[in-house]
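One structure is given here, and the rest of the page talks about it.
The values are calculated or read from the model by the stated rules, or taken from the named source; none is laboratory data. Bear in mind that the values here come from a model prediction, so they are computed numbers and not experimental data. Neighbour counts are summed over all protein chains in view; Cβ atoms, including those assigned to glycine, are modelled from backbone coordinates with ideal geometry.
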Amino acid sequence: MAPTAEPASAAPPRRPRSGPPPGLKNLGNTCYLNSVLQCLASTPPLASFCLASRHSNLCKKVFPNRDKECAFCVLERQIVRQLRAEAGALDSPGKVLRSLPLFAEHFRWGRQEDAHEFLRYVIDACHTACLRIRKRLPVVTANGDCGPEEGRGQGSCMVMRETFGGALLSQVKCLVCKGESNKTDEIMDLSLDLLGTSSVGDALTCFFKPEVLEGANKYSCERCKKLTSARKQMFILKAPKVLVIQLKRFDGIHGGKINRNIEFKEGLVLSDFMYDKNQDPQPVYNLFGSIVHSGFSQDSGHYYAYVKDAAGRWYCCNDSHVSLSSSQDVLTEKLNLPTPMGMAYQVPHVVSP
């Protein structure tokens, strides 16, 4: 979604829930929040982690006198409640909403917000909560949990980065001396421009397309000691276990929305964009969630989500209303309005953190 994770021979993780998820009450323009929560609860590695209460148990040990829950504790409680709800149940995101400042200080109750922006704030806030624990526990046990015996590592303290984190390599290669300059950036998602594209595949190709630096944009080569022509290109250095893709449908300047049809598929192969093309296993992803926006601008309209359960069934989660759907519905939800804003893919052969 190795850089992808475990070898292809590893057993795929179990999805922790089969059957329809509970509906979530709309507490006043909270459709963006509900859609994100449905997708997070359907993210297999994160759902399994939360069901085991691995963060909250550790958080209580590290901060026994804390009188308020941290952002990750709030999210964990919400995800567990959704996963354990009976079919046809109706849940409320009230605790998450009341804790909104823990996730995004500038978000306000009752105001429409951007779903992707909220997702990023949730991931960042939970990762920050994990880092606070890691600072208090400088070593980690052999099974990955933080503890006093063994060397520093990841496990419970870094689950968000282990689930959603990847890395891009930005490479500039001088066309004269062939010298290279490489820069690595950690990512939690991919945001794709839609200009001149008709599919997610096209958008990915454009994102990773090499650019020639010449003329007024020549490269200052340290080896050549002068401005030279160069080739600049992005590669995937480390593919995440769970890949979140944002389709940039909103015009940042004029605030309008790009409603053009953008094709996407249930399967996604990223091997063409990897820095190490011989890497084994290659990152092959399966779609398990999609967030859709109905409306003309990011300040208005309505969000809902499609999620896949453990048995491979799709459900449309529209606030309190949840209905059985199909992959065909998910993939064709792109004619005029509403339009998919983003999607989440998972590598099928990974072991939950």
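Within the option set V307, V269, being within 21 Å of the chain's Cα centre (by Cα), among the hydrophobic types (A, V, I, L, M, F, W, C), closer than 21 Å to L194 by Cα and modelled with pLDDT of 85 or more holds for one residue only, V269. For segment 24-45, a residue qualifies if it is modelled with pLDDT of 95 or more and more than 22 Å from the chain's Cα centre (by Cα), and the qualifying residues are K25, N26, L27. Within segment 75-86, residues that are part of a helix (DSSP H, G or I) sit with their Cβ atoms under 7 Å from residues that are among the hydroxyl-bearing types (S, T, Y), at 6+ positions apart or across chains, in these pairs: E76/S53; E76/S56.
Here's the yes/no breakdown for (1) in a strand (DSSP E or B); (2) closer than 15 Å to V36 by Cβ; (3) in contact with a strand residue (DSSP E or B) (Cβ under 6 Å, 6 or more places away or on another chain); (4) at pLDDT below 95:
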| residue | (1), (2), (3), (4) |
| --- | --- |
| D280 | no, no, no, yes |
| Y285 | yes, no, yes, yes |
| H293 | yes, yes, yes, yes |
| D299 | no, no, no, yes |
| Y303 | yes, yes, yes, yes |
| A311 | no, no, no, yes |
| V322 | yes, no, yes, no |
| V330 | no, no, yes, yes |
| L337 | no, no, yes, yes |
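Within segment 323-345, residues that are more than 17 Å from S198 (Cβ to Cβ) have Cβ atoms under 7 Å from residues that are among the polar types (S, T, N, Q) and modelled with pLDDT under 80 in these pairs: L337/N259, counting only partners at least 6 apart in sequence or on another chain.
Residues that are buried (at least 18 other Cβ atoms within 10 Å of the Cβ) and within 13 Å of the chain's Cα centre (by Cα) within segment 91-125 comprise A115, H116, F118, L119, R120, Y121, V122, I123, listed in sequence order. Quick check, is C59 modelled with pLDDT of 95 or more and either under 18 Å from the mean Cα position of the chain (by Cα) or in a helix (DSSP H, G or I) (or both)? Here the answer is no, as C59 does not meet what is asked.
Residues in segment 255-270 that are in a loop (DSSP other than H, G, I, E, B), touching a helix residue (DSSP H, G or I) at 6+ places or on another chain (Cβ under 9 Å) and within 20 Å of D329 (Cα to Cα): I262, F264, K265, E266.
Do we have Y315 as at pLDDT 90 or above, part of a strand (DSSP E or B) and within 14 Å of P240 (Cβ to Cβ) here? So Y315 does not fit the description; no.
Among the residues of segment 119-150, those identified as acidic (D, E) and either in contact with a Gly (Cβ under 8 Å, 6 or more places away or on another chain) or at pLDDT 95 or above (or both) are D124, D145. Considering only residues in segment 151-190 that are touching a helix residue (DSSP H, G or I) at 6+ places or on another chain (Cβ under 8 Å) and either hydroxyl-bearing (S, T, Y) or over 19 Å from A129 (Cα atoms) (or both), the one that is modelled with the lowest pLDDT turns out to be S156.
Filtering segment 199-248 to residues that are among the small types (G, A, S), modelled with pLDDT of 95 or more and in a strand (DSSP E or B) leaves S220, A230.
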